[in-house]
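Asker: Structure in structure tokens, see below.
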Amino acid sequence: MKVGLVLGAGGVMGGAWLTGGLHALAQETGWDSASADHVVGTSAGSMISALLTGGVPPWFMVAHSAGESFDGITDAQQRPAAGADRSGGAVFKLHPGIALPGPGSWRLIANGLRDPRRHRPAALAAGWLPRGLVSTQPLQDTVRRVVPSGWADHPHLWIVACDYVQGRRVAFGREDAPTCDLAEAVAASCAIPGFYRPVKIAGRRYVDGGVWSGSNLDILRHGLDLVICLNPTSSLDAGASRGAASGISARLRSQAGRRLGWEARRLRDAGTDVVLIQPTAVDIEAMGPNLMSRRNRNSVIETAIATVGDQLRGGAHGDLLAGLPAGEPHRIARPSEPPSEWPDGLPPGRADPAVPSGQTATRA
């Protein structure tokens, strides 16, 4: 079975939901999501994809976010893992330098006016927003703790961002995309227009891949038997809207759901089975309307572990997931042994000491 994994956009709260969802997926199926033949990450999903394919299993993400420390465990640069940010890089610091007023991308606006049918409405709107004031450096620092340079050691990891001139999506890690470090690609994929400063790669500026699509599920076209998509910004149950912010959030989720359904149909029409895992009303309540809030990440993670587990046990996806191969036990659940006896490579700082730091990260 050839399997694809797609992790969608969703801000800080979406990243927390993805963390809990992947942990539930491992618990219920025994499958190691990092072993997927293709992994696609957008915005928050790009960060979780980078950590996952960089060697950090979901159970470790859950424990680290909750504040646990493991004696003797280091990151890929041999720094204590306990010192890593526990919010997945959601540290908001001002970008150095002066931000110019006015629209962030006049060229994107001009291209959109010349041919609006070739541009997504969200991409056109992004061009009018000012350049963000928040630095993406904390996001890059988080990724470099697991992949100090180059790309993750995964043959098909694609990180989706949006070209800030053409308004088109770019899948970093694919052969037709510019070469860059994984940390730079993740920063670009997370660069919400008007909030984060755009990220320059190979002379061009890029912003959040969610500007093109919240999931980018349809980027996986052929050759896979099954695609599993966890998408934080849509829902089959938008829940009750209380207040203006919740009402706007519900409408955005409805739009994201329609887009997700269209993308899933494209894959199914091509002969690929698709499993969609989306937040429930309980998850939406836990996340709240502000997806960039840092306040209740751990509550969202714990809620997602329960709700995604319920979805997977519900039977709707059972037949499709039954053929997933079993993962290595230490990738599925925390080993019972003390950290000093954990297998090499768990987490990345415990890799083979004969391999110098940074050389395990190679271009796909």
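The values are calculated or read from the model by the stated rules, or taken from the named source; none is laboratory data. Keep in mind that this is a model prediction, so the values were computed, not measured. Backbone-built Cβ (ideal geometry, glycine too); neighbour counts: all protein chains shown. The protein model used for the area step is the full one, side chains on, heavy atoms only, and it has no ligands, DNA or RNA in it. Shrake-Rupley method; radii C 1.70, N 1.55, O 1.52, S 1.80 Å.
Asker: I need the helices (runs of 4 or more DSSP H) fully contained in the range 36-125, keeping only those with at least 2 residues that are farther than 18 Å from V143 by Cα.
Answerer: Ranges flagged: 106-114.
Asker: Being closer than 20 Å to W212 by Cβ and part of a helix (DSSP H, G or I) is the filter here; which residues of the range 259-286 pass it?
Answerer: R259, L260, G261, W262, E263, A264, R265, R266, L267
Asker: Let me ask something else. Hand me the list of strands (runs of 3 or more DSSP E) wholly inside the range 143-220 holding 2 or more residues that are of a type outside the set (V, I, T), free of Cβ contacts under 8 Å to residues at least 60 places away in the same chain and touching a strand residue (DSSP E or B) at 6+ places or on another chain (Cβ under 7 Å).
Answerer: 157-163, 169-172, 204-208
Asker: Regarding R242, is this residue at pLDDT below 90, surrounded by 21 or more Cβ atoms within 10 Å (Cβ to Cβ) and among the basic types (K, R)?
Answerer: It is false that R242 is at pLDDT below 90, surrounded by 21 or more Cβ atoms within 10 Å (Cβ to Cβ) and among the basic types (K, R).
Asker: So, of the residues in the range 60-90 that are in contact with a helix residue (DSSP H, G or I) (Cβ under 8 Å, 6 or more places away or on another chain) and among the acidic types (D, E), which turns out to be modelled with the lowest pLDDT?
Answerer: Out of the qualifying residues, it is D71.
Asker: State all residues of the range 296-343 that are small (G, A, S) and more than 29 Å from D225 (Cβ to Cβ); if no residue qualifies, say none.
Answerer: Listed by number, the residues that qualify are S299, S336, S340.
For every residue, the table says whether it meets (1) surrounded by fewer than 24 Cβ atoms within 10 Å (Cβ to Cβ); (2) of a type in the set (V, I, T); (3) touching a His at 6+ places or on another chain (Cβ under 7 Å); (4) farther than 27 Å from P121 by Cα.
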position	(1), (2), (3), (4)
Q166	yes, no, no, no
C180	yes, no, no, yes
K200	yes, no, no, no
D218	yes, no, no, no
S234	no, no, no, no
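Asker: Which residues, taken from the range 83-117, are within 30 Å of P58 (Cα to Cα), open to solvent by less than 50 Å² (accessible area, probe 1.4 Å) and of a type in the set (A, V, I, L, M, F, W, C)?
Answerer: Residues satisfying the conditions are A84, A90, V91.
Asker: Which residue is surrounded by the most Cβ atoms within 10 Å (Cβ to Cβ), if the candidates are limited to the range 34-43 and must be within 29 Å of G288 (Cβ to Cβ) and of a type in the set (S, T, N, Q)?
Answerer: The selected residue is T42.
Asker: Can you tell me which residue among G97, G132 is out of contact with any helix residue (DSSP H, G or I) (no Cβ under 9 Å at 6 or more places or on another chain) and free of Cβ contacts under 8 Å to residues at least 12 places away in the same chain?
Answerer: G97
Asker: For the condition surrounded by fewer than 23 Cβ atoms within 10 Å (Cβ to Cβ), closer than 20 Å to A9 by Cα and at pLDDT below 95, what is the one hit in G223, G247?
Answerer: When all the criteria are applied, what remains is G247.
Asker: Next question. Mind checking which residues of the range 1-33 are open to solvent by 20 Å² or more (accessible area, probe 1.4 Å) and hydrophobic (A, V, I, L, M, F, W, C)?
Answerer: M1
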